[in-house]
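Since the structure comes first, as structure tokens, the remarks are kept for the end.
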Amino acid sequence: MAELQFREAIRAAMVEEMERDATIFLMGEEVAQYNGAYKVSEGMLDKFGPRRVIDTPISENGFAGLGIGAALNGLRPIIEFMTFNFSFVAFDQLINNAAKIRYMSGGQFKIPIVFRGPNGAAGQLAATHNTSTESIYATIPGLKVVAPSNPDDAKGLLKSAIRDDDPVLFLESEVMYGMRGEVSEEEDYLIPIGKARVAREGTDVTLVAHSKSYWIAMRVADRLAEEGYSAEVIDPRTIRPLDVDTILDSIRKTNRCVIIDESNPYASISSEITYQIQDRAFDFLDAPIVRITAKDTPAPYAKNLMAYYMPQEDDAYRACKKVMYVD
Amino acid sequence: MAIPVEMPKMSDTMEEGVLVSWLVDEGAKVSAGDVIAQVETDKATMDLEVYDDGVLLKKVAQEGEAVPIGGLIAVLGKEGEDISGLLAKYGGDGAAAEAPPKAPAQAETPSGDGAKPTTIAPVKPEEAPSDGRVKASPLARKMATEHGIELSDVRGSGPEGRIIKRDIEAVLTERPAAPEEGKAAPAPRPAPRPVPAPAPALPGEAYEVVRLSQMRKAIARRLAQSKFTAPHFYLTAEIDMDKTVAFRSRLNALAEAQGRGKISFNDLITKACALALRQHPYVNGSYLEAEGEIRLYREVHVAVAVAVDEGLITPVIRNADRKGLAQIAEETRELAEKARNRQLQPEDYSGATFTTSNLGMFGIEAFTAIINPPNACILAIGAIRDVPVVRDGEIVPGKRMKVTLSCDHRIVDGAVGSRFLTTVRDYLEEPLNLML
């Protein structure tokens, strides 16, 4: 094991895969000369040269389409969005082309492409730069959506995403790029897409949380443990396909669930998880499922309002007490 | 002004009633004193009367539904009246506060002459909302089904009285696997704190689930309370019944000639006990832990256990010490008949100061009975057997009966119980004394 920053784990995954497979290339704004807006691709231009590490103009719709075209023609592009907020400019490319060409061509074409970059809120960036996009993209059949919470998962899952023959949206986070963590040095370290991780075993309540929210869940679990309550924490890691079975197994044990998700609540990941649980584990529920999400508004700018807007640890803690009927 | 019709307290041990059938339709006019429904209590099926005139606006309780005391059964009022406010009052968190259980009239023990004994512990206020729905989490429902627990028997500790996992676990923990002496009395309702309960192995389809009747629940609750609370000890005596057998033959010859019903051995024993109770006041008393006192009743009311389809019930022969044998026989016969038809009224089965239980007709030689609280003792009566007895050095045929007195040691000690039993024996071995 090596201790790496989140950004280093992502870089390691890309470098290892690009060394393994010459059809893989990285393209995006400032990924080459500037070494990446968040220094994820630092040194990659020197290592692989300008044919495989390509700077683009500020034209997401253009370079997303270029990437899809390249994938159609046998390459395996990694497209970096400086943030997924900018992916909305390329919405048609992602939703109509990347997601649907394989279906509409009757399987004649596959789209082995990864769109990656930071997703979700990252402080005082105001309404248009703070969107959590996982619910938006996960609703589209044909797209896979991955959102790791730690460097090790990031490496293993990104390598799997790059090798996947379908379009994968790989969601990172500005505020997690500096996070350090042990990362496997195993050769060909692959974590399967669609497999959740039981991060902490418990018996009294299940916390489901991905990406940054996962860390809120772990803190809540610690607080509950101090009071003698045993929380199980599940990190889905992949938003679509969602590993519902692992969540259900946990619910059958704990009978209670709190979902933490920094997406807006309406028609979101938490809605979907809630639906799946009540559909398949109804008789195991001892309390209504509670979700702690961002507020149902655009993200505010003011620091105090932004803190209020985001899922809060105290709310998640109280929700756990509530579903355990110990509040 | 809409008038709520609440579940009344129809017996001293009742905690809830099951609405058996509606006799009036919604929209029908009713007058004070009209019977609108039948309610099954733990003891009997009884008529539910209304106390006001009006129109039956809504049947809140459904047939077959258990409603706690004070819970809303129906709403009376003027035609077309808005009752949503009243329903809301009973529906939400305020249900308990809005609909407190009526103070149990039977539980109040008047002082002075002829005081009736207290027969029950004070009733706990129900917190369950009385909108008629039993609220339970899906898991709690599943667990209740698996373990044959009636949800209406479980007090929900969740929001708005929702029954949740820990409430079912508490019931499972409380279920005594086998009655154990010296075990602390279980609370009648689940405690609010989570209690970890081992999940018992489920036998799957290997059993039939029988719904607990109100009577079965009452038997379970009261006898468990008795056995766990009152330290029982047992005194067995063998009684020479030769003279009583002969005495009864002569009595019944007279009764037949007069066109009266027969007098049973049990009637003679009831009379013997009643007379003996007058001489042994502690056996005719109660140890009341909550009140911190012993009560010695000035009247003698002997209850007789009667087996009925769903269990057993103990109708009471009031002032049995002052009644003649023919009257005791007639009353016992009538009460047993009413019991079997589930027509006993609360006054028929409450207020006993002593109880007898007879299994002689089954050929049972001797057995021990569980005290019927708050009695001090119960007499278990075995069969009269033809046995060889030694009289004046000769073996001759004799008639013997074994009786076993179960005593609550908190009020009756060994010597006191023995003296009582000796008196009973004296009466039965020389039954002419019953006439004095």
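Taking 18 Å as the straight-line reach from the Cα of A:LYS47, the lysines in range (excluding those fewer than 8 positions away in the same chain) are A:LYS39. Exposure proxy for B:HIS280, A:HIS210, B:HIS147: other Cβ atoms within 10 Å of each Cβ, ordered fewest to most, give B:HIS147, B:HIS280, A:HIS210. DSSP assigns beta bridges within the protein assembly as shown; of those with both partners inside it, close to 60 percent run antiparallel.
Mind scanning A:LYS322/B:LYS227; B:LYS142/B:LYS338; B:LYS89/B:LYS135; B:LYS59/B:LYS89; B:LYS243/B:LYS402 and naming the pairs with a C-alpha gap bigger than 27 Å? Correct reply: A:LYS322/B:LYS227; B:LYS142/B:LYS338. The translational diffusion coefficient of region B:3-106, from Stokes-Einstein at 37 °C and 0.692 mPa s with a Kirkwood hydrodynamic radius over alpha carbon pairs, comes to 238 µm²/s.
Here each label is just a point 7 Å from Cα along the line to Cβ, and for A:VAL175 and B:MET435 those points are 10.1 nm apart.
Across q = 0.11, 0.16 Å⁻¹, region B:230-435 modelled as identical point scatterers on its alpha-carbon atoms has Debye log10 I(q)/I(0) values of -0.50, -1.06, in the order of the q list. Distance from the alpha carbon centroid of region A:215-242 to that of region B:397-415 works out to 64 angstrom. Given just the C-alpha atoms of region B:203-296, how large is their convex hull per residue in cubic angstrom? Per-residue hull volume (Cα only) is 258 Å³. By the gyration tensor of its Cα atoms, with a ≥ b ≥ c the square roots of the eigenvalues, what is the shape of region A:1-139: rounded for a/c under 1.5, prolate for a/b over b/c, or oblate? Taking the square roots of the gyration eigenvalues as a ≥ b ≥ c, region A:1-139 is oblate. Each Cα pair of region B:249-364 feeds into the Kirkwood radius, which the Stokes-Einstein equation turns, at 37 °C and 0.692 mPa s, into a diffusion coefficient of 217 µm²/s. Against chain A, whose longest principal axis comes from its Cα atoms, helix A:244-254 is set at around 20 degrees.
Averaging the sequence gap over all C-alpha pairs within less than 8 Å and six or more residues apart, then dividing by the number of residues, gives chain A a relative contact order of 16 percent. Which of the GluC sites (Glu not before Pro) found in region A:216-245 are loop residues per DSSP with 14 or fewer other Cβ atoms within 10 Å of their Cβ? In loop regions of region A:216-245 (DSSP not H, G, I, E or B), the sparsely surrounded GluC sites (Glu not before Pro) are A:GLU227.
Largest first, the extents of the alpha carbon coordinates of region A:135-250 on the three principal axes equal 46, 31, 26 Å. Remark on region A:68-149: Rg and Dmax equal 13.5, 45 Å (Cα only).
Across region A:197-323, C-alpha contacts under 8 Å between residues 6 or more apart give a mean separation that, scaled by the residue count, equals a relative contact order of 28 percent. Among residues other than A:GLN124 with Cβ under 13 Å from its Cβ, the summed charge is 0 (Lys and Arg +1, Asp and Glu -1).
Extents of chain A, largest first, come to 60, 43, 41 Å (Cα atoms, principal axes, whole angstrom). For the pair A:MET1 and A:LYS100, the difference between a 0.36 nm per residue extended length and the Cα-Cα distance amounts to 31.7 nm. Just so you know, the Cα atoms of region A:23-81 work out to an Rg and Dmax of 10.7, 30 Å.
At the listed q of 0.13, 0.14 Å⁻¹, the Debye profile of region A:197-323, built from one uniform point per Cα, gives log10 I(q)/I(0) equal to -0.47, -0.54. Expressed in units of 2.2 N^0.38 Å, where N is the residue count, the Cα radius of gyration of the protein assembly as shown is 1.43.
Relative to the 2.2 N^0.38 Å rule of thumb, region A:193-235 has a C-alpha radius of gyration ratio of 1.09. Principal-axis analysis of the Cα atoms of chain A puts helix A:313-323 at an angle of about 50° to the longest axis. Relative to its residue count, region B:329-380 spans a Cα convex hull of 101 Å³ per residue.
Equivalent ellipsoid of region B:313-414: semi-axes from √(5λ) of the C-alpha gyration tensor, largest first, are 29, 19, 13 Å. Relative to the dominant Cα principal axis of chain A, helix A:60-72 is inclined by about 80°.
Values in this text are rule-based calculations from the coordinates and carry no lab data. All of these numbers come straight from a predicted model, not from anything done at the bench. Neighbour counts are summed over all protein chains in view; Cβ atoms, including those assigned to glycine, are modelled from backbone coordinates with ideal geometry.
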